[in-house]
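Q: Here's a structure for you.
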Amino acid sequence: MAPRLSPASRQAVVFDVLGTLVDQAGSLRDEVAEAAGVAVTDAAPIVEAWLGHVARQERAIVDGERPFVPGRVLDLEALRWLADGGLLPSAAVERLTSASERLRPWPDTVGALDRLSRDVTVMGLSNADRRTLAGLSGNRGLRWHQVLSAQDAGTYKPAAALYATAVAAAPSDAGTPIMVAAHAWDLRAAAAAGMRTAYVPRPGGDAPVPGDSFDIHAADLRELHGRLTAGE
């Protein structure tokens, strides 16, 4: 357990965004269904292929196999690939390029961020690009004291450089930042970069496996708030 901070200090709590604060897959299914004129059930495999393509390209960038480009570019590449393969109408591509700016927060997200911001320094750390993160803040009411994008490090999670960017950006009196995510792989990488970790389950997230050891397990963001303010 990390030492308690002085009364004047505020912990730095760093949130993953996609999947942890917002329902990425569910929101994109609805976007694809509307843009392509298909049922949500038919949109599901399209979204799975979309996100899979983006994940492969992010990994290629992390591995040095291609230069860095922001998430919006990867989304456009994936959507054009889907359209070329006949899985998506070409007319839907332009609208869907900005779909990530409209992802729905999970029901507890907006209220929890507002409550947490009174007691801790709330930060975001995301593979999403800056425009997407600005859209989520403006369109969906996500509030943070600071948000960092993969664009700030020129790479994607789980590259150590992205977590190092968050550690360097945290207030100097905040102690060791704590990374909050619904993805165990994200927390493993954060821990390796020297951050504390908190796991919060979400539908479609990456659950811990035997051998994972995170500092906090919380059922939701309300419980996380209570445990953080209790000094855990």
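The values are calculated or read from the model by the stated rules, or taken from the named source; none is laboratory data. Keep in mind the model is a prediction, meaning the values are calculated, not measured. Reconstructed Cβ throughout: ideal geometry from the backbone, glycine too, with neighbour counts over all protein chains shown. Note: accessible area is taken over every heavy atom of the protein model, side chains too, but ligands, DNA and RNA are not part of it. Shrake-Rupley method; radii C 1.70, N 1.55, O 1.52, S 1.80 Å.
Q: Testing residue 207 on (1) over 16 Å from the mean Cα position of the chain (by Cα); (2) closer than 21 Å to residue 24 by Cα, one condition comes back false. Which one is that?
A: With (1) over 16 Å from the mean Cα position of the chain (by Cα); (2) closer than 21 Å to residue 24 by Cα applied to residue 207, the lone miss is (1).
Residue-by-condition table, conditions (1) in contact (Cβ under 8 Å) with a residue 60 or more places away in the chain; (2) farther than 25 Å from residue 183 by Cα; (3) touching a strand residue (DSSP E or B) at 6+ places or on another chain (Cβ under 7 Å):
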{"site": "20", "(1), (2), (3)": "yes, no, yes"}
{"site": "23", "(1), (2), (3)": "yes, no, yes"}
{"site": "32", "(1), (2), (3)": "yes, no, no"}
{"site": "51", "(1), (2), (3)": "no, no, no"}
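Q: Cβ-Cβ distance below 7 Å, separation of 6 or more or different chains: which pairs start in the range 207-228 with a residue that is in contact (Cβ under 8 Å) with a residue 60 or more places away in the chain and end on one that is open to solvent by less than 40 Å² (accessible area, probe 1.4 Å) and of a type in the set (Lys, Arg)?
A: Close Cβ pairs satisfying both conditions: 215/196.
Q: Going through 110, 120, 93 one at a time, which residue ends up being β-branched (Val, Ile, Thr) and in contact with a strand residue (DSSP E or B) (Cβ under 8 Å, 6 or more places away or on another chain)?
A: On the way: 110 fails: in contact with a strand residue (DSSP E or B) (Cβ under 8 Å, 6 or more places away or on another chain); 93 fails: in contact with a strand residue (DSSP E or B) (Cβ under 8 Å, 6 or more places away or on another chain).
Sole residue among the options that is β-branched (Val, Ile, Thr) and in contact with a strand residue (DSSP E or B) (Cβ under 8 Å, 6 or more places away or on another chain): 120.
Q: Has the range 197-217 got any residue that is outside any loop (DSSP other than H, G, I, E, B), open to solvent by 70 Å² or more (accessible area, probe 1.4 Å) and modelled with pLDDT of 95 or more?
A: Of the range 197-217, the ones outside any loop (DSSP other than H, G, I, E, B) are 197-199, 206, 216-217.
The next check asks that each one be open to solvent by 70 Å² or more (accessible area, probe 1.4 Å); those that pass are 217.
Still in the running and modelled with pLDDT of 95 or more: 217.
Within the range 197-217, one or more residues are outside any loop (DSSP other than H, G, I, E, B), open to solvent by 70 Å² or more (accessible area, probe 1.4 Å) and modelled with pLDDT of 95 or more.
Q: A further question follows. Which members of the range 49-74 meet the condition of being outside any helix (DSSP H, G or I) and either at positive phi or surrounded by fewer than 14 Cβ atoms within 10 Å (Cβ to Cβ) (or both)?
A: Kept after step one, since they are outside any helix (DSSP H, G or I), are these residues of the range 49-74: 63-70.
Listed by number, the residues that qualify are 63, 64, 65, 66, 67.
Q: In addition: So how many residues does the range 148-185 have that are in a loop (DSSP other than H, G, I, E, B) and surrounded by 17 or more Cβ atoms within 10 Å (Cβ to Cβ)?
A: Total meeting the criteria: 10.
Q: With part of a helix (DSSP H, G or I), surrounded by fewer than 23 Cβ atoms within 10 Å (Cβ to Cβ), basic (Lys, Arg) and free of Cβ contacts under 8 Å to residues at least 40 places away in the same chain as the only criterion, which of 131, 118 stands out? Show your work before the answer.
A: Numbers: 131 fails: free of Cβ contacts under 8 Å to residues at least 40 places away in the same chain.
Criteria check complete, one pass: 118.
Q: Still on this model: Surrounded by fewer than 17 Cβ atoms within 10 Å (Cβ to Cβ), in contact (Cβ under 8 Å) with a residue 24 or more places away in the chain, in a helix (DSSP H, G or I) and not basic (Lys, Arg): which single residue out of 101, 94, 77 fits that description?
A: Working: 101 fails: surrounded by fewer than 17 Cβ atoms within 10 Å (Cβ to Cβ); 94 fails: in contact (Cβ under 8 Å) with a residue 24 or more places away in the chain.
Exactly one of 101, 94, 77 is surrounded by fewer than 17 Cβ atoms within 10 Å (Cβ to Cβ), in contact (Cβ under 8 Å) with a residue 24 or more places away in the chain, in a helix (DSSP H, G or I) and not basic (Lys, Arg), namely 77.
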